[in-house]
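Below is one structure, written out as structure tokens, with a few remarks after it.
The values are calculated or read from the model by the stated rules, or taken from the named source; none is laboratory data. The structure displayed is predicted, hence computed values, not measured ones. Neighbour counts are summed over all protein chains in view; Cβ atoms, including those assigned to glycine, are modelled from backbone coordinates with ideal geometry.
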Amino acid sequence: MPAGFLYSSEIAGGAEDARPSEGGTLIENRQFRLKKFDVIGSQSIAEIVEQRIGREALRWYISEVTEKEIVVEATFAEIEDERETESAAGTLSERPHFPGKAVAVSVIPTGIGCDLGGYAGDAAPATNLLAAATDYLVTNPNAVNASNFISMADNVLYSEGMSIDLLMKGAVDFHLPYGNRIGLVVERTTPEALDVVFNVVNTVRAVFGIDIVDVEVTEQPIGTHSFENGSGAYVGTVDRPAVLFAACERLIKKGANAIAITTNIQDLPEDNYVKHFAGEYPNPLGGVEAIVSHLVVRRFHMPAAHAPMLNSKEFDLREAIVDARGAGEMASASGLACTLIGLRRAPQLGGQHPYRSADVVNVHNVFAVVCPASSLGGIPAIYAHRHGIPIIAVRENKTIFGVSAARLGFHNVIEVDNYAEAAGILLALRKGISLESFRRPMTTMRHGQGAEAKVGLHLKFA
């Protein structure tokens, strides 16, 4: 088991097993088991979970709900924030209103085997379809990233997972820049790998007009490791966060207000990676990429995203032509280009770093959240439930989890088969069209009948 990983069924137990990474930053991946009936049925599931796990987590999600327990996977990192977030999480009353813009959030979690979006940018068509039904669509990078390729409509807000969490908690506003100035952190590597990196950098500068402030090649390895946690999802650790942070600080001093990071991820499980390219297994890269970007967003409160420096192609694949969903990775030398392109207009979190804002939105603008139907245990869906924001649950996008609306006791969920139906529901919600009005049979209301005569929000579209 890699350094920094803890498995604990006791909420307060196991801390003595944690080992700090080099540079003193403590990164822990832990599993918690909570009594189901202490959590499920409450409007404040998020607050209960966060209180029980004992301290602010870098990330957490509910990975399983059994008859008696809920299982929470969490990552912790002891780092200093450059500044505190704009307001306490979840305090919507403290957030200003920015009327006039309709925002939807589409979350496709990484490292949990999403049938659609769990590979290499294969959720881009569905993402762009959803975006056509709203003013802005917030989504996470892995939904559209495909190494040399990226397909993203102009109104898609490319937002790292922690940024989305903060948005849905009501802790930050999203300031939409005209264009970010990107700094690139490159882990120490070989001259041959650096040639690939700088060719990618110069390509996106020349072809896409991306503003790259500078490239910082670290003197020491950053040390990113991938491994599978207790729920079967992929997570990761970082050996030397201090090396990463120091490189970021140098880039910020040079004027960067968005950070791209590229490293060579270690401990990739060869057999499972082969299964991934055959379309049978979660992406082993996703979890550690999320940890790296979360660390940078937590520390500096600016957009960030991670990319593999060199795409691994030395495995004994079953076929030379891989599953179509992962072909972008196999067709590209590096995973870096899409990250640099995506960060160009990634939302700022209202920090002290210089940028010019073209628009501003926050959780008050969010009228729906779209998630895989079996993965509603992440912070965006949990807080959507808390705030009464409709959740559109897509059954066709299967994952390794089984955390459904029924198991969580959510009643603000609209279940649909696919993303085409999800786009239609977004349009109806945005236009204020009652979902009941275009379903048949339609209830006829009569005097003397109560509210039970009408269909509730928890609808299933077959």
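Observations, loosely collected:
- Qualifying residues in the range 181-214 (those that are part of a loop (DSSP other than H, G, I, E, B) and in contact with an Asp or Glu (Cβ under 7 Å, 6 or more places away or on another chain)) - the one farthest from residue 292 (Cα to Cα): 181
- Meeting the requirement of 3 or more residues that are closer than 23 Å to residue 224 by Cα and aliphatic (A, V, I, L, M), the helices (runs of 4 or more DSSP H) wholly within the range 295-395 are 336-343.
- Subset of the range 355-390 (residues that are over 30 Å from residue 252 (Cβ atoms) and touching a Pro at 6+ places or on another chain (Cβ under 9 Å)): 367, 368, 369, 371, 372, 375, 384
- Some residue of the range 269-285 being out of contact with any Phe, Trp or Tyr (no Cβ under 9 Å at 6 or more places or on another chain) and among the β-branched types (Val, Ile, Thr): no
- The range 273-287 - residue that is in contact (Cβ under 8 Å) with a residue 12 or more places away in the chain and not in a loop (DSSP other than H, G, I, E, B) and, of those, farthest from residue 109 (Cα to Cα): 274
- Within the range 79-92, the set of residues being modelled with pLDDT of 60 or more and over 16 Å from residue 50 (Cα atoms) comprises 79, 80, 81, 92.
- Flag if residue 306 is at positive phi and touching an Asp or Glu at 6+ places or on another chain (Cβ under 7 Å): no
- Picking from residues in the range 145-168 that are over 23 Å from residue 113 (Cβ atoms) and more than 17 Å from the chain's Cα centre (by Cα), the one that is surrounded by the fewest Cβ atoms within 10 Å (Cβ to Cβ) is 154.
- Matching residues in the range 39-77 - criterion: being closer than 30 Å to residue 245 by Cβ, touching a Ser or Thr at 6+ places or on another chain (Cβ under 6 Å) and not small (Gly, Ala, Ser): 58, 59, 73
- Any hit, the range 288-310, residues being free of Cβ contacts under 8 Å to residues at least 40 places away in the same chain and within 29 Å of residue 125 (Cβ to Cβ): no
- Only one of the numbered conditions (1) within 27 Å of residue 375 (Cα to Cα); (2) at pLDDT below 95; (3) surrounded by fewer than 16 Cβ atoms within 10 Å (Cβ to Cβ); (4) of a type in the set (S, T, N, Q) is violated by residue 418, and that is (2).
- Any chance residue 142 is buried (at least 20 other Cβ atoms within 10 Å of the Cβ) and touching an Asp or Glu at 6+ places or on another chain (Cβ under 8 Å): yes
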